[in-house]
Every structure is written in C-alpha cells, then in structure tokens.
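The values are calculated or read from the model by the stated rules, or taken from the named source; none is laboratory data. None of the values given here were measured: they were computed from a predicted structure. Counting neighbours? That spans all protein chains shown, and the Cβs are built from the backbone with ideal geometry, glycine included. Heavy atoms of the whole protein, side chains included, go into the accessibility calculation; ligands, DNA and RNA do not. Shrake-Rupley method; radii C 1.70, N 1.55, O 1.52, S 1.80 Å.
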Amino acid sequence: MSRSRRHAVSPFVEPDLPITPMLDMSFQLLAFFLMTFNPTPTEGHLDVILPKQDGGPSTAPPNPFQNPEVEDVTVRVEADDKGDVASIVIAQGKDDSGAAVPGKGRDARSNLFTDLKARLATAKAEHAARNKNIGETGAFVAPKVKLELADNLNFKIVIAIMDEANRAGYPAVAPALKDDKK
Amino acid sequence: MSHGSVEKCEPNMTPMLDLVLQLVMFFMLCANFIAEDVNATIKLPTALQARPLDKAEDRVIFLNVDVKGDVLPNTRGIDRPLTNRVQVAGYMKNQAAFDQELKRRAAEKGKPEPIGSLVVIRAHEDCKYAKISDIMLGCREAGFPRIQFRAIVGISK
C-alpha cells in the first residue's frame, strides 16, 4: 500500500536536452568553414599533340577516316617584346608559302579564328562534292593544325591560339617551336 | 489573489540549428584541403574550349610550372625546382618505372595493358612557351607522349 502511494507521487521529470552548446559549436564550425571557403575556379584541359620526332612516330592518334585531300594547316606566330602576337601567317599544304593574317595581338587571333573557320567550311564543301562525284559517304575529319611558335610567346597566348583553333572546329592542334626540327 | 501562471518564453532554436548544421555540412563538403597535386600560386591561362579531366584516367602526373618556367616541387618526388629539360626527363624516367611496374603486374594477372600516365602541365600564364616546350620534350624523351595543358574555363584574355 505504502509502496504504491510512493510510486504515484513521484514527480514527472521532463527531459531537457540543452542545445545551446551544440548551437555554439555549430556556429564556430560554420564560421571556420565560411572563412576558409575558397571555391577553386573550374579547371579544364586542352589536348596537345606533340610534334613528330625525328625517326619516331607522331603522337597523334591514328585516324582511320583521315581525308587524304585535306592538308594540314600550318600557323606561324611571331611574338613582340611583350610576348603577344606580332604577326600570324597561315598556310595549308607543303607548297603554300602562306598568307598573313591581318592585325596584331587580340585582333590577329580573332582574324585567325575567322580564317580557320572559312578554310574548314571550304574543305567541308570540297569533301562533300568529292564524295558526291565518286559516290562515297566517308565522314569529314578536320585537318590538324600545326602551330609554329616564337619561343618568347607567352603561354597564355599559345593557349588562346589553341582555343581559337578548337573553337573554329579543329580538335587536333600540335604546338611546336618554329625552330624545332619536325 | 490569484496570480497568472508563469509561462516560459523561449525562442525555438531547432529550425535554426537545422539550418546551421546544413550550412556546416555544405561548407565541409566544399572544403578542398588537399585536392590534386596542384599549386595554387600558379595563375593559369583561360580557354573556352577547356574540358574537364577524364575521370577514367588511371594515373595523372601534374607538373606545376611557375612564371620562370621551372617545374615546382610536389609531393611525388620533386624536392627542388626542375629548371631544364634534362632534369625533367630524369624525373619523368623515374615515373616511367612506376608505369612499367603497373604494366608488368597487369601482364602477370592477364589484364589488358594499362595506357601510360597522362601528364598535365599547369603552367603560369606569363611563362615563355620555350620553357613549356622544353618540359614537353623532356616528357616525351622519358616516354610520356600524352600531355595536356591545364586552363581555367573562361574567355581568353
């Protein structure tokens, strides 16, 4: 009897979880991560084809759909004192002495893009006409762009030129120094 | 003389705590303490056509090149800057030995031969191209023909 009465009067204790220390710690962590937050810019890559080694194979992957009638494009770039583009000459094929791309610096790069794009469009049209004549259906593959670069050219300019060539539709770009033996 | 009952007046902290913990989680996931073997001091050039690195690559060797054209020390065996093609070729030949070991093990287990390591050149944007070319030729000498340039995705300057 006495036991049951004691049980009946025991007070109800409401469980109380102190969340204040947890909140303090969370704010400290938040402050730490906010202060150390340093989002890295998105990095990407540009594929490089190494120039042909004397007596060795090219590093370009073999292309079974290579169009024999489309010759590689050679872009010769001279640099000014600041390492920017002084002049660009573009040639296609072994017998082509090349044509100067007008402008310097950024203008020259922009004009190079236009020139490369126009050449690719012409090559595509010729390829389509040739296929029609001989009754073939082979896919068109853009020719390789060989860059012959001045040695004092800044790296960012080389990347910009490769970028222009890629944008114009040439995925295979082979940068080399103009003095290298190819 | 009855007094009104005393009510506790406490702000409800639970939603706030939820939010804070979610923010903590976000920043913890975004924190990039040791990402790749990259050097944050190098200012990369920008290119629109730069594509993300292929996740399928087995092994990538990062070469961080400063504005002078020296390959900077890393956690993979470069303890002092490599200043010329011979030094780069020497370092890369050591790396090639690792590749050979991987190929040998694959052959022992009858697995297809792994393709060689990819070399990613992270060069400062104002570095002269002659130095980059030297590094590339050093890599080729050591048997690494697969090379990529690193750039930040964006409009070229």
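A:K94 to B:M25: FRET efficiency via 1/(1 + (r/R0)^6), r the Cβ-Cβ distance, R0 56 Å, to the nearest 0.05?
Numbers: r = 61 Å, r/R0 = 1.10.
Between A:K94 and B:M25 the formula returns 0.35.
When only the heavy atoms of the protein chains count and the probe is 1.4 Å, how do B:F27, A:F37 rank by accessible area, highest first?
Details: B:F27 20, A:F37 80 Å².
Reading off the accessible areas and sorting them downward yields A:F37, B:F27.
Computed with a 1.4 Å probe over protein heavy atoms only, the accessible area of A:F33 comes to about 20 Å².
When only the heavy atoms of the protein chains count and the probe is 1.4 Å, how do A:M35, B:M25 rank by accessible area, highest first?
A:M35, B:M25
To put it simply, the accessible area of the protein assembly as shown at a 1.4 Å probe is 56 percent carbon and sulfur.
Ranking of B:L29, B:L53 by solvent-accessible surface, largest first: B:L29, B:L53 (1.4 Å probe, protein heavy atoms only, all chains present). Computed from Cα positions, the angle between helix B:14-30 and the longest principal axis of chain B comes to roughly 10 degrees.
Which entries of A:K82/A:K117; B:K68/B:K103; B:K68/B:K93; A:K146/B:K109; A:K94/A:K124 have Cα-Cα distances beyond 30 Å here? Don't jump to the answer; show the numbers that get you there.
Details: A:K82/A:K117 28 Å; B:K68/B:K103 35 Å; B:K68/B:K93 23 Å; A:K146/B:K109 41 Å; A:K94/A:K124 20 Å.
Among A:K82/A:K117; B:K68/B:K103; B:K68/B:K93; A:K146/B:K109; A:K94/A:K124, the Cα-Cα distance tops 30 Å for B:K68/B:K103; A:K146/B:K109.
In this rough spin-label picture, where each label sits 7 Å from Cα along the Cβ direction, the A:V141-B:K93 distance is 3.5 nm. If R0 equals 25 Å, the separation of the Cβ atoms of A:K117 and A:A86 corresponds to a calculated FRET efficiency of about 0.65.
Solvent-accessible surface of segment B:63-157, averaged per residue with a 1.4 angstrom probe and all protein chains in place: 48 square angstrom.
For the interface of chains B and A, what total accessible area is buried with a 1.4 Å probe, rounded to the nearest 100 Å²? Write out the running numbers ahead of the final one.
Working: alone 11710 and 13350 Å², together 20650 Å².
Roughly 4400 Å².
Could you state the per residue volume, in Å³, of the convex hull enclosing the Cα atoms of segment B:18-157?
Values: hull volume 21.9 nm³, N = 140.
So the per-residue hull volume is 156 Å³.
Beta bridges assigned by DSSP with both partners in the protein assembly as shown are antiparallel in approximately 50 percent of cases.
222 nm [θ] for the protein assembly as shown, helices only, -39500 (n - 2.57) per DSSP H run of 4+, per residue, to 500?
Numbers: 7 runs with 122 residues, N = 339.
The helix-only estimate for the protein assembly as shown comes to -12000 deg cm²/dmol at 222 nm.
Computed with every protein chain present, the accessible area of B:R105 is close to 120 Å² [probe 1.4 Å]. Modelled this way, with points 7 Å down the Cα-to-C-beta line, the labels at B:E7 and A:T36 are 4.4 nm from one another.
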